[in-house]
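To start, the structure under review is shown below, and the notes come after it.
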Amino acid sequence: MDKSGDDVKMVSGEAPILFLKACELFTEEITVRSWMETLQGKRRTLHKEDIASA
């Protein structure tokens, strides 16, 4: 069985930085969308359902 990652020995030094930035952008986007769900529900408290709906 051949895994695509078996031949990878090292990761570029830039890869963790790019992954970190992707996580930051995802967190920001899901936060904004969740807050919009909260406002549509005429509330000021974020609920887990808002995050799921986002």
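Computed from the coordinates by the stated procedures, all read-outs in this text should not be read as laboratory data. Small disclaimer: the values here were computed from a predicted structure and weren't measured. Backbone-built Cβ (ideal geometry, glycine too); neighbour counts: all protein chains shown.
Brief remarks on what is shown
- Distance (nanometres) between label positions extended 7 Å along Cα→Cβ at H47 and E29: 2.6 nm
- Taking the C-alpha atoms only, the angle from helix 15-40 to the longest principal axis of the chain is near 20 degrees.
- Radius 12 Å from Cβ of I51, net charge of other residues (Lys, Arg +1; Asp, Glu -1): -2
- The loop-placed trypsin sites (Lys or Arg not before Pro) in the stretch 3-54, going by DSSP, that have at most 10 neighbouring Cβ atoms within 10 Å of their Cβ come out as K3, K9, K42, R44.
- Residues Q40 and V11, FRET efficiency given R0 of 25 Å [Cβ-Cβ distance, rounded to 0.05]: 0.05
- Straight-line cross-link partners of K9 among the lysines, defined as a Cα under 25 Å from its Cα and at least 8 positions apart when in the same chain: K21.
- Computing Rg and Dmax of the Cα atoms in Å for the structure here picks out one of (i) 18.0, 54; (ii) 14.0, 46; (iii) 11.8, 39, namely (i).
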